Amino acid sequence: MRKIFFIIPAYNEAENIPLLVESIDSKMKKMDLSYTIVIVNDGSTDGTKELVESYEGRFPIVLINHPKNKNVGEVFRSGFKYVLERSSPGDVVITKEADNTSDISIMPAMLERIDKGCDVVLASCYAKGGGIESTTIGRLILSSTANRILRSFFPINGVRTYSSFYRAYKAVSLKRAFFAYENKLIEENGFVCMVEMLIKLSRLPIRIEEVPMVLRCDLRKGKSKMNKSQTIFAYFYLVMKEFKSIFVKRPDVAGRYKNLTMK
């Protein structure tokens, strides 16, 4: 039986965790799917760790705890390592923010794309039918500008969003990608690590598509954890690094991916 693994980064998200867990559990029960929620607590100081621990036994939840804040890249490295060591070829890995801004109701459409042969499905607020509600003008400009720049330097056919956390992956494809990149699929530590990962995945012989989503910033309790100035710098650094790598002979990751046989 196929299993859905959720990887959720959490830094001071105690206010958002209850709705997150309840919404995932409700959707999974309606779809009659087996699932595990892996919450990676990244040094929270607001009781997030204790709250997640209180859910263990009531829901299929696993807590990975970082006693000190290590940032988003290390959170996803920890989460992917845990999940991929326990997944089967038919399983699906879903990454999602803890703050409830990403719409859980589009998940069936994401899984349908996986069933039709996609390796990676992105929830896209920039696809036709998508959008962003209740955000600041500054954050909207930053997000849209960053995605335009990324599409210009690293075009991926049919993809308009690069920075979304909300994604579905075939577990077997993701496992092969980590092996192909010799566990260097994620090297950046900040929010930009998701962009880095997508760019690297696009260099492999895999199918990447997106489904439209309306990002609901009004559903978030508390402030966004993203530092805008640090993220802007990280975007420029990543663009320069990955663009320069185009002119440097790289290991044949695509060939390595094709030749891997995963169990």
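The values are calculated or read from the model by the stated rules, or taken from the named source; none is laboratory data. Every value quoted in this text rests on a predicted model; they were computed, and no experiment measured them. Note: ideal-geometry Cβ built from the backbone for every residue, glycine included; neighbour counts use all protein chains shown.
Only residues that are assigned to a helix (DSSP H, G or I) and free of Cβ contacts under 8 Å to residues at least 60 places away in the same chain: list them for the stretch 155-183, please. Spell out how you get there, then give the answer.
First pass over the stretch 155-183, keeping only residues assigned to a helix (DSSP H, G or I): 171-180.
If the condition is that a residue be assigned to a helix (DSSP H, G or I) and free of Cβ contacts under 8 Å to residues at least 60 places away in the same chain, then SER173 is the only one that fits.
Entry remark, the stretch 31-50: residues being touching a residue at least 24 places away in the same chain (Cβ under 8 Å) and under 20 Å from SER78 (Cα atoms) number 12 in total. Residues in the stretch 56-68 that are in contact (Cβ under 8 Å) with a residue 24 or more places away in the chain and either farther than 17 Å from LEU19 by Cβ or surrounded by 20 or more Cβ atoms within 10 Å (Cβ to Cβ) (or both): PRO60, ILE61, VAL62, LEU63, ILE64, ASN65, HIS66, PRO67, LYS68.
Annotation note: of VAL83, VAL93, VAL75, the sole residue that is crowded, with 23+ Cβ neighbours inside 10 Å, modelled with pLDDT of 95 or more and not in a helix (DSSP H, G or I) is VAL93. Taking the stretch 1-25 as the range and being closer than 16 Å to MET107 by Cα and not in a helix (DSSP H, G or I) as the test, the residues that pass are ARG2, LYS3, ILE4, PHE5, PHE6, ILE7, ILE8.
For the stretch 212-263, residues that are out of contact with any Ser or Thr (no Cβ under 7 Å at 6 or more places or on another chain), farther than 27 Å from THR48 by Cβ and either assigned to a loop (DSSP other than H, G, I, E, B) or at pLDDT 85 or above (or both) total 18. Only a single criterion out of (1) at pLDDT 95 or above; (2) assigned to a loop (DSSP other than H, G, I, E, B); (3) closer than 21 Å to ASP25 by Cα is not satisfied by ASN100, namely (1). Reported count of residues in the stretch 43-55, each being surrounded by fewer than 18 Cβ atoms within 10 Å (Cβ to Cβ) and in contact with a Leu (Cβ under 7 Å, 6 or more places away or on another chain), is 1.
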